[in-house]
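Trainee: I'd like to ask you about the structure that follows.
The values are calculated or read from the model by the stated rules, or taken from the named source; none is laboratory data. Not measured: the values here are computed from a predicted model. As a convention, Cβ positions derive from the backbone with ideal geometry for all residues, glycine included, and neighbour counts pool all protein chains shown.
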Amino acid sequence: MVWKRFLPYLCVRLIPQNLMFSNFCHLLNCIILKIIILKMGKRVLFIIDQIKTGGAEKILLEYDKYLLSHGYKTKIFVLYNDNDNERYEYGCRANTSNIIVKTIQQFKLYWKLRTVINNYKPDVLFSFLERSNILASWLPTTAIKVVTVHNILSIQYKKLHPILFRIMKKVIRTCYSRVPILIAVSNSIKCDLMKKYNLAGDNIIVVTNKTDPFKIEIASNEPISEFEWDHNAKYLINIGRFCHQKAQWKVIKTIKYLKTNYPELNMKGIIMGDGELKSDLYKYRAKLHLEDEIIIMPYQKNPYKFIKKSDIFLLPSYFEGCPIVLSEVIALGIPFVGSKPAVPIDYFCSDISEWNNATFEITNFSDFDYNIDSETKEIGEKVIKQLSTLSSVSGTRQWNESNNKEKQFDEYTKLIED
């Protein structure tokens, strides 16, 4: 980026000397210099709840690299940390479930962020996830505020006590009305914010999550050596954090249904990830006698080779709005079935019939139940249909033509520049 230091000088020299006395040329020269200096020195402060293995964290870190490569200055503030990283600035050591301690933490985070802002003097505040978004909306600063919403909030907070739900609803409506730019990662999230939280919507911009198709296509060609692949089986795969909202027990239950009703498929499963429900998933798999049929494995450095070789991807998440892993699945041309909240209709260019063929309604919110209910049957039958028609691949082909994270980040940057 050394060449950028000489841009102001070059701009002056490129304007002919015999025109330098012209007021017009002088004014033009000043404008060019100001634009270059402003862009070169623009500071972005990222704020996020935590940095683990989630999609929002991945987007932040990749966008951070993008901005640095384009001459911006960045700082990352993480509300809660488990592992120290000198690249980030942290607020609190760890999150807590104690309501009194949590309240004290919020005040501590607020004042620490104010100190960071006073010292760093950012031009842009760019926040990810709800705690960070709410804090960012109340911070006194002249910086442009951009908040990003990655989940369908009315479903995410469904399990709250009714009084807490109403309080949270009012807090979100108040805070999100205060920010000039709110990025929703799908139209479903935008509609949810407008209908359930009464937001006007004029500050909500939809930018879907994208990936790097060239990079993951190369990585997907690497051979699998972690276990012996059964070439006589059909593989169903799921990748994600082992937590309530990802609902991976529905993946196990669906495989049980398929093995019972379609034994000729010899269906096997791969569930990749890590998290607090890991031991529960192992027990649930054993209870359904699927230890030899389903591989539960930790996150892999190269998950793409497993996706590419699988026959179908299943995404039963409760309230994810636009998971990055789905854009990766689409880039690799693998058919998929997912819950309606987790699969944006944007991917199907608003073709509702194609979208319906690849999605299902969540009707069972019970954790780790053993009943093969109507929801499980619907998921299983849609898996069978996708295996034969591949309609989720053809239905997302048009969107996949623009499935490039550089375009996603270009859209982000245009918003903060405009």
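Trainee: Quick one: what pairs do we get from segment 93-104, first residue under 13 Å from Y80 (Cα atoms) and assigned to a loop (DSSP other than H, G, I, E, B), second aliphatic (A, V, I, L, M) and modelled with pLDDT of 70 or more, C-beta under 8 Å, 6+ apart or different chains?
Mentor: N95/L79
Trainee: Here's something else I'd like to know. For segment 309-335, which residues satisfy the criterion of being among the basic types (K, R) and in contact with an Asp or Glu (Cβ under 8 Å, 6 or more places away or on another chain)?
Mentor: Matches in segment 309-335: none.
Trainee: Further, regarding this structure: So which residues in segment 221-236 are free of Cβ contacts under 8 Å to residues at least 12 places away in the same chain, over 25 Å from V337 (Cα atoms) and not hydroxyl-bearing (S, T, Y)?
Mentor: The one that is free of Cβ contacts under 8 Å to residues at least 12 places away in the same chain, over 25 Å from V337 (Cα atoms) and not hydroxyl-bearing (S, T, Y): E228.
Trainee: Suppose the filter is of a type outside the set (D, E, K, R), over 24 Å from the mean Cα position of the chain (by Cα) and either part of a helix (DSSP H, G or I) or at pLDDT below 95 (or both); does I216 pass it?
Mentor: no
Trainee: Additional query: Of all residues in segment 180-198, how many are out of contact with any strand residue (DSSP E or B) (no Cβ under 8 Å at 6 or more places or on another chain) and closer than 17 Å to K169 by Cβ?
Mentor: Number of matching residues: 6.
Trainee: Further question on the same structure: Name the pairs whose Cβ atoms lie under 7 Å apart, with the first residue in segment 111-129 and over 20 Å from L67 (Cα atoms), the second part of a helix (DSSP H, G or I) and of a type outside the set (A, V, I, L, M, F, W, C), and 6 or more positions between them or separate chains?
Mentor: Filtered contacts from segment 111-129: no entries.
Trainee: Let me ask another. I'd like to know if segment 309-317 contains one or more residues that are among the charged types (D, E, K, R), surrounded by fewer than 24 Cβ atoms within 10 Å (Cβ to Cβ) and either outside the structural domain of V124 (by TED's automatic domain parsing) or in contact (Cβ under 8 Å) with a residue 40 or more places away in the chain (or both).
Mentor: yes
Trainee: Hey, another quick one. (1) under 22 Å from H150 (Cβ atoms); (2) at pLDDT 95 or above; (3) in contact with a Ser or Thr (Cβ under 9 Å, 6 or more places away or on another chain): which one isn't true of K190, the others all being true?
Mentor: Of (1) under 22 Å from H150 (Cβ atoms); (2) at pLDDT 95 or above; (3) in contact with a Ser or Thr (Cβ under 9 Å, 6 or more places away or on another chain), only one is false for K190: (3).
Trainee: Just a yes or no: is a residue in segment 339-351 surrounded by fewer than 24 Cβ atoms within 10 Å (Cβ to Cβ), assigned to a strand (DSSP E or B) and in the same structural domain as K287 (by TED's automatic domain parsing)?
Mentor: Yes, segment 339-351 has at least one match.
Trainee: While we're here: Look through segment 219-259, keep the residues that are closer than 21 Å to H289 by Cβ and polar (S, T, N, Q), and return whichever of them is surrounded by the fewest Cβ atoms within 10 Å (Cβ to Cβ).
Mentor: Looking at residues that are closer than 21 Å to H289 by Cβ and polar (S, T, N, Q), I get N232.
Trainee: Another question, then. Among what's in segment 363-387 and is buried (at least 18 other Cβ atoms within 10 Å of the Cβ) and in contact with a strand residue (DSSP E or B) (Cβ under 8 Å, 6 or more places away or on another chain), pick the residue that is modelled with the lowest pLDDT.
Mentor: Top of the filtered list is E375.
Trainee: Can I ask one more? Of all residues in segment 145-173, which are among the β-branched types (V, I, T) and either without any contact (Cβ under 8 Å) to a residue 24 or more places away in the chain or touching a Leu at 6+ places or on another chain (Cβ under 7 Å) (or both)?
Mentor: Residues satisfying the conditions are V146, V147, V149, I163, I167, I172.
Trainee: Could you tell me how many of the residues in segment 370-395 are in contact (Cβ under 8 Å) with a residue 40 or more places away in the chain, assigned to a loop (DSSP other than H, G, I, E, B) and over 10 Å from P335 (Cβ atoms)?
Mentor: Number satisfying all stated conditions: 2.
Trainee: Does F360 satisfy the criteria of being modelled with pLDDT under 95 and surrounded by 17 or more Cβ atoms within 10 Å (Cβ to Cβ)?
Mentor: No.
Trainee: Shifting gears a bit: Within segment 353-369, how many residues turn out to be in contact with a helix residue (DSSP H, G or I) (Cβ under 7 Å, 6 or more places away or on another chain) and not in a loop (DSSP other than H, G, I, E, B)?
Mentor: Selection size over segment 353-369: 5.
Trainee: Okay, moving on. Take the residues in segment 187-215 that are touching a residue at least 12 places away in the same chain (Cβ under 8 Å) and among the aliphatic types (A, V, I, L, M); name whichever of them is nearest to K58 (Cα to Cα).
Mentor: If we take residues in segment 187-215 being touching a residue at least 12 places away in the same chain (Cβ under 8 Å) and among the aliphatic types (A, V, I, L, M), then V207 is nearest to K58 (Cα to Cα).
Trainee: Report, by residue number, each residue of segment 117-153 that is in a helix (DSSP H, G or I) and crowded, with 18+ Cβ neighbours inside 10 Å.
Mentor: Residues satisfying the conditions are I117, E130, R131, S132, N133, I134, L135, A136, S137, L153.
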